Amino acid sequence: MIVGTFIPGQQPDGNSVLIHAPDGLIVVDTGRHVQHTQQIVEYAQRANLPIRAIVNSHWHLDHIGGDARILAIYPDAQIYASDALKDALKGFLARYTEYLEKQIQKSSDDPKAQAWRDELAIIETATSALPTEVIDETKQLTIAGRHLVLHLETRAVTGGDVWVFDPASGVLVAGDLVTLPVPFLDTACPEHWKNALGHLAEAHFKILIPGHGAPMHRLDFDRYRRAYENLLECAGSAHSTEECAAGWVHDAGNLIADPDRSYAKKLMAGYVDSSLRAGPTKIVTFCGD
């Protein structure tokens, strides 16, 4: 596992997982920043193993941003993912590109301007992350000689989320279907996400690796799932935004480190208003009709 970063004021990197296979390495998610992807490449070089395949759990830039960099070194690597990136390039990422370009035009000397340019550079190469094998349903596959089960969830965190179960080790790689310190609801359908967590619960995993945060055992995941369900119930009630955010932090308990609890509460308050209590237009956009 290459641990992702989540630092207030900076764009994050998701966790990456490297799976040893008979024919080389399988990488699940490649991060956003150069430094993160470089750790993946250096691991492969130290192990003297080629990267044979990339599994993109979803299209968020902190999970696919390193695809083009890895393919520049390992051009024969196959990419397994849903086809949701195709729609994101025409929708969410097109709007994000427009926003970034306007920010740079308005404030080219802003300290954040280089970070905005870096984001644009990732979007410009995002077509590299389009799948060579589309995961359009749950599939049992042999990838680089290793048997894996790639599960598809539709309209959960994104239009298509792939989670990976490795029967040999009992490791489940969840992508952003599990994230800390909060669920990242920017492009999510909250109810479908709840259903997806139910599917994860049915897997006989020993360790679950989230898209952001530390690996979990079964009891940790059960706590996360209950906290998420309680959050949705709170958001649908007359409780205040602040009560729902505080409830999430309370219910997640020690899954959220003490230094992160105040920030998690602030983040969640924003999501309660912007996502969980969004109007019908946003719900249709991410949940469908």
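The values are calculated or read from the model by the stated rules, or taken from the named source; none is laboratory data. Predicted model only: the values in this text are computed from it and were never measured. Cβ placement follows ideal geometry from the backbone for every residue including glycine, while neighbour counts extend to all protein chains displayed. Note: areas computed on protein heavy atoms with side chains; ligands, DNA, RNA excluded. Shrake-Rupley method; radii C 1.70, N 1.55, O 1.52, S 1.80 Å.
Checking each residue in region 153-185 for being at negative phi and touching a Lys or Arg at 6+ places or on another chain (Cβ under 8 Å) picks out D166, A168, S169, V171, P181. Checked against the criterion of being open to solvent by 70 Å² or more (accessible area, probe 1.4 Å), at pLDDT 95 or above and out of contact with any Cys (no Cβ under 9 Å at 6 or more places or on another chain), the candidates H212, H217 yield just one match: H217.
Taking (1) open to solvent by 80 Å² or more (accessible area, probe 1.4 Å); (2) under 24 Å from L18 (Cβ atoms) in turn, E101 satisfies each apart from (2). Within region 91-104, not a single residue is under 29 Å from V171 (Cα atoms) and charged (D, E, K, R). Out of all the residues in region 31-38, is one or more within 16 Å of T125 (Cα to Cα), open to solvent by 10 Å² or more (accessible area, probe 1.4 Å) and outside any loop (DSSP other than H, G, I, E, B)? Looking for residues that are within 16 Å of T125 (Cα to Cα), open to solvent by 10 Å² or more (accessible area, probe 1.4 Å) and outside any loop (DSSP other than H, G, I, E, B), one finds at least one in region 31-38, hence yes. Starting from region 108-132, keep only residues that are in a loop (DSSP other than H, G, I, E, B), then list their pairs with residues that are of a type in the set (S, T, Y) and buried (at least 17 other Cβ atoms within 10 Å of the Cβ) whose Cβ atoms are within a distance under 8 Å, requiring at least 6 positions of separation or different chains. From residues that are in a loop (DSSP other than H, G, I, E, B), the pairs are P131/Y80; P131/S82; T132/Y80. Within region 13-22, the set of residues being within 16 Å of the chain's Cα centre (by Cα) and open to solvent by 20 Å² or more (accessible area, probe 1.4 Å) comprises just one member, L18. Restricting attention to region 68-85, does a residue exist that is in a loop (DSSP other than H, G, I, E, B), over 17 Å from T132 (Cα atoms) and either among the basic types (K, R) or open to solvent by 10 Å² or more (accessible area, probe 1.4 Å) (or both)? No - not one qualifying residue is present in region 68-85. Among the residues of this structure, A44 does not count as one that is more than 21 Å from W116 (Cβ to Cβ), within 16 Å of the chain's Cα centre (by Cα) and at pLDDT 95 or above. In region 127-138, the condition of being open to solvent by less than 50 Å² (accessible area, probe 1.4 Å), farther than 23 Å from L18 by Cβ and not hydrophobic (A, V, I, L, M, F, W, C) is met by no residue.
With T285, T179 as the choices, which residue is of a type in the set (S, T, N, Q) and touching a residue at least 12 places away in the same chain (Cβ under 8 Å)? From the options T285, T179, the qualifying one is T179. Tell me yes or no: at least one residue of region 162-169 is hydrophobic (A, V, I, L, M, F, W, C), surrounded by 19 or more Cβ atoms within 10 Å (Cβ to Cβ) and assigned to a loop (DSSP other than H, G, I, E, B). No, because not a single residue in region 162-169 is hydrophobic (A, V, I, L, M, F, W, C), surrounded by 19 or more Cβ atoms within 10 Å (Cβ to Cβ) and assigned to a loop (DSSP other than H, G, I, E, B).
Among the candidates V173, V149, V182, V157, the residue that is out of contact with any helix residue (DSSP H, G or I) (no Cβ under 8 Å at 6 or more places or on another chain), crowded, with 23+ Cβ neighbours inside 10 Å, of a type in the set (V, I, T) and at pLDDT 95 or above is uniquely V173. Listed by first and then second residue, the pairs with beta-carbon distance under 8 Å, at least 6 apart or on different chains, first residue in region 146-157 and in contact (Cβ under 8 Å) with a residue 24 or more places away in the chain, second assigned to a strand (DSSP E or B) and among the small types (G, A, S), are R146/A21; L152/G160; E153/G160; T154/G160; V157/G175.
If the condition is being part of a helix (DSSP H, G or I), surrounded by 13 or more Cβ atoms within 10 Å (Cβ to Cβ) and of a type in the set (V, I, T), then region 231-289 contributes T241, V249, V272, I283, T285.
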